[in-house]
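The structure under discussion appears below in the form of structure tokens.
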Amino acid sequence: MTYSFLILAGALLSLTGSSQEFTALSLIPVNSAYDEQSPILSPDGKTLWFTIANHPQNSAGKKDPGDIWFSNWENGQWSVPVHGSPFLNNRGYNAVAGLSATGDQLFLFNHYDKTASAQTQGISVSRKTTSGWSAPENISIPYFLNRSLALSGQVSEDGTVFVYAAEAYDSHGAEDLYVSFKNAAGQWSEARNLGKVINTSFQEVSPWLSADKRYLYFSSNGRKGYGSFDVYFSERLDETWTNWSAPSNMGSRVNTEGRELYYHTFPDLHLPCSPAPRTAMAMVTLSFISTRFSPSFRIHW
């Protein structure tokens, strides 16, 4: 199954404080016949980063599992997507894990090397320069392991917390959720499993933390829901990061009989965002829902 974008939105606040309404037409340039995944908004809300799988302009062409692309908010709509720089993309799977609060650091999934087939795993960071984005620098996380073909998650804006989904040494299921922390010396901790309240014997993927790091949003197929993957949220109850409230389903205004993945919140921009399942009868499926989860408006093409 492929995915296009689902935007759940009221208004996007610009730097001047004026509201800019997202409409269905504003997203038509972003969606395509290919598979758009893992949307990330820049802190100022003016750049939308995402991954496109199997696009002919990807580094390895139509066989490429995913390259990083971006679109800019211009004149009331998103621009035609632009392929990311060769530094950000190779023949493997490339995706953005987050941006720093200032927008000058781009956190990336996976490690990079000159052969485009790094023998180590983890995340990396690219820095914005006067000439564009720098070659990614690999970040070392002790004993990091992911046996899954996919890696999803989020690096917090302050760059100190990385929450992610992986199949590792102590996973309860195919993929579990984990967290790693960066200390004052800039070193990352060994990953910590979030525990059995969050993780099931099936798959927990695409985790996302609220801005205050108190609430966790994620997708799971290990609980009875509306579709194959539903979005849930849970409250962190202490500093151990293993004590969580029982996950709550986000309900039918977010979840469908399909698969809901990559649910992200952007409270400063009044905008949560995630890809939506694409049906065989619909070239593009877009939904707009207010941040209070009012009934959705869908457009099918």
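The values are calculated or read from the model by the stated rules, or taken from the named source; none is laboratory data. Only a predicted model underlies this, so the values are computations on that prediction, with no experimental measurement involved. Methodologically, a virtual Cβ is constructed for each residue, glycine included, from the backbone with ideal geometry; neighbour enumeration extends over all protein chains shown.
Observations, loosely collected:
- Segment 100-147, subset part of a loop (DSSP other than H, G, I, E, B) and of a type in the set (K, R), residue modelled with the lowest pLDDT: K114
- Selection over segment 234-253 of residues that are of a type outside the set (S, T, Y) and at pLDDT below 95 gives a count of 3.
- Qualifying residue in segment 180-191 (condition: outside any strand (DSSP E or B) and buried (at least 22 other Cβ atoms within 10 Å of the Cβ)): yes
- Residues being among the aromatic types (F, W, Y) and crowded, with 21+ Cβ neighbours inside 10 Å - total across segment 198-224: 3
Residues checked against (1) in contact (Cβ under 8 Å) with a residue 40 or more places away in the chain; (2) outside any loop (DSSP other than H, G, I, E, B); (3) under 24 Å from I40 (Cα atoms); (4) of a type in the set (V, I, T):
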residue	(1), (2), (3), (4)
D176	no, yes, yes, no
S219	yes, yes, yes, no
R223	no, no, no, no
D230	no, yes, yes, no
T242	yes, no, no, yes
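- Checked against the criteria, F181 does not count as more than 20 Å from F229 (Cβ to Cβ), in contact with a strand residue (DSSP E or B) (Cβ under 8 Å, 6 or more places away or on another chain), touching a residue at least 60 places away in the same chain (Cβ under 8 Å) and among the hydrophobic types (A, V, I, L, M, F, W, C).
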